[in-house]
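The values are calculated or read from the model by the stated rules, or taken from the named source; none is laboratory data. Bear in mind that the values here come from a model prediction, so they are computed numbers and not experimental data. Glycine gets a Cβ as well: all are built from the backbone with ideal geometry, and neighbour counts include every protein chain shown.
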Amino acid sequence: MALIEIDGSFGEGGGQILRTALSLSAITGQPFRMKNIRQGRAKPGLQRQHLACVKAAAEITSASCQGAEPGSPALDFQPKIIQPGSYSFAIGTAGSTTLLFQTILPILAFAPGPSEVIIHGGTHNPMAPPVDYLREVFGPALAGLGLGFDLELVQHGFYPRGGGSVRGQIRPWQDRGRPFDHRDEVDWGEPRASVLLANLPPGVAEREQIELGRSLRIPLDRVETQFLPGEVGPGNAVLLRYQAQGRTALFTAFGEKRKRAEIVAKEAAREAKNFARSRAPVDHHLADQILLYLALAAGGRFATDSITQHARTNLEVIRRFLPLNSSFHSLRPDLWEVQIQKS
């Protein structure tokens, strides 16, 4: 097969370009060469969490690869056959377990048998979906496409300490002909909130609870606090859930050193309120994540609250491997219709 060449600095220019390329290369059997990997980032090239994705995809497919080294700006990846089985991957830092899981999930879904994976690293990281999101939002969306997986949170792992782990079971994707049509607007109603706290003063959770009640105009009994074992901290996350019409939307913000608790709560509330106001059935994070699966299945149409640069970049990578007709159409400033069809 012809080698696909990808400039890793185009568009959003982040690690998702690499992760999507790894998934599709493994599934289609098409080798790729990527240059300028994460060129515009503060730490360009392959970092440990990206190398973990490369090595996981290579192990599952017995791939040959060149450039899989720390800081490398380029990678050649040539997969062979996808092998189901039991796998264990350790990122070695607080790197996101969920991003690694999302890299290998579609690969193992095309394996001839079921697989189990254990991944060690961060489970609740800034700039990555938390385990809760994969279980409550991403998983049900894929189930509607006929793809099934289970994901268990074994232990929380917060940035920068890490130390968390997840266990997943992935079943072969046997029915890829299901239609995906989510365009009807949704009245999301009133959210519920959760505050996760590990090895931090209880006052942090109290301040976030008060701010969430004020920002979202919800009673404080709709904000629960979950105190986690001290050894998994320090860590803090705010999770906001909307539930309507049998589906869930989830938004998260994370505490950081020298970041006031009220700011964490406000960030989560602002994103959640903007989404709920749009009445979109699919949030902009899921819009990005579902594109790959619609391209691999029968396509689909859905409405979302915004089209991010991340999503546009991801779609361009997908189109390098798969022939597609696609469109993003603005219905109003806070509502977009997305259509994905095989060409």
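Yes or no: residue 200 of a type outside the set (Asp, Glu), part of a loop (DSSP other than H, G, I, E, B), farther than 23 Å from residue 278 by Cβ and not assigned by TED's automatic domain parsing to the domain that holds residue 123?
Answer is yes for this residue.
Quick check: is even one residue across the stretch 58-69 closer than 19 Å to residue 321 by Cα, touching a helix residue (DSSP H, G or I) at 6+ places or on another chain (Cβ under 8 Å) and assigned to a helix (DSSP H, G or I)?
Yes, there is a match, as at least one residue in the stretch 58-69 is closer than 19 Å to residue 321 by Cα, touching a helix residue (DSSP H, G or I) at 6+ places or on another chain (Cβ under 8 Å) and assigned to a helix (DSSP H, G or I).
Going through 204, 186 one at a time, which residue ends up being in contact with a helix residue (DSSP H, G or I) (Cβ under 6 Å, 6 or more places away or on another chain) and of a type outside the set (D, E, K, R)?
Going through 204, 186 in turn, just one is in contact with a helix residue (DSSP H, G or I) (Cβ under 6 Å, 6 or more places away or on another chain) and of a type outside the set (D, E, K, R): 204.
Residues checked against (1) crowded, with 24+ Cβ neighbours inside 10 Å; (2) at pLDDT 95 or above; (3) within 11 Å of the chain's Cα centre (by Cα):
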site: 92; (1), (2), (3): no, no, no
site: 96; (1), (2), (3): yes, yes, yes
site: 106; (1), (2), (3): no, yes, no
site: 112; (1), (2), (3): no, yes, no
site: 116; (1), (2), (3): no, yes, no
site: 121; (1), (2), (3): yes, yes, no
site: 127; (1), (2), (3): no, no, yes
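Residue check: is residue 215 closer than 18 Å to residue 269 by Cα and in contact with a Ser or Thr (Cβ under 9 Å, 6 or more places away or on another chain)?
No, not satisfied.
Restricting the stretch 83-130 to residues that are assigned to a loop (DSSP other than H, G, I, E, B) and out of contact with any strand residue (DSSP E or B) (no Cβ under 9 Å at 6 or more places or on another chain), which is farthest from residue 239 (Cα to Cα)?
Within the stretch 83-130, the match that is farthest from residue 239 (Cα to Cα) is 112.
Being touching a strand residue (DSSP E or B) at 6+ places or on another chain (Cβ under 7 Å), assigned to a helix (DSSP H, G or I) and more than 30 Å from residue 296 (Cα to Cα) is the requirement here; does residue 213 meet it?
yes
Counting only residues that are farther than 22 Å from residue 200 by Cα, touching a residue at least 60 places away in the same chain (Cβ under 8 Å) and not basic (Lys, Arg), how many does the stretch 220-261 have?
Summing the residues that are farther than 22 Å from residue 200 by Cα, touching a residue at least 60 places away in the same chain (Cβ under 8 Å) and not basic (Lys, Arg) in the stretch 220-261 gives 3.
Please list, ordered by first then second residue, the pairs with beta carbon atoms under 6 Å, 6 or more apart or interchain, first in the stretch 5-16 and assigned to a loop (DSSP other than H, G, I, E, B), second buried (at least 20 other Cβ atoms within 10 Å of the Cβ) and at pLDDT 95 or above.
8/17; 8/34; 8/37
Among what's in the stretch 163-179 and is in contact with a strand residue (DSSP E or B) (Cβ under 8 Å, 6 or more places away or on another chain) and at pLDDT below 95, pick the residue that is surrounded by the fewest Cβ atoms within 10 Å (Cβ to Cβ).
179
Name every residue in the stretch 259-283 that is of a type in the set (Val, Ile, Thr) and in a helix (DSSP H, G or I), in order of residue number.
Selection gives 263, 264.
Of the residues 39, 16, 49, 30, only one is surrounded by fewer than 19 Cβ atoms within 10 Å (Cβ to Cβ), outside the structural domain of residue 315 (by TED's automatic domain parsing) and either at negative phi or within 17 Å of the chain's Cα centre (by Cα) (or both); which?
Criteria check complete, one pass: 39.
Within the stretch 40-84, can you find the residues that are in contact (Cβ under 8 Å) with a residue 24 or more places away in the chain and in contact with a Cys (Cβ under 8 Å, 6 or more places away or on another chain)?
Scanning the stretch 40-84 gives 54, 75, 76, 77, 78.
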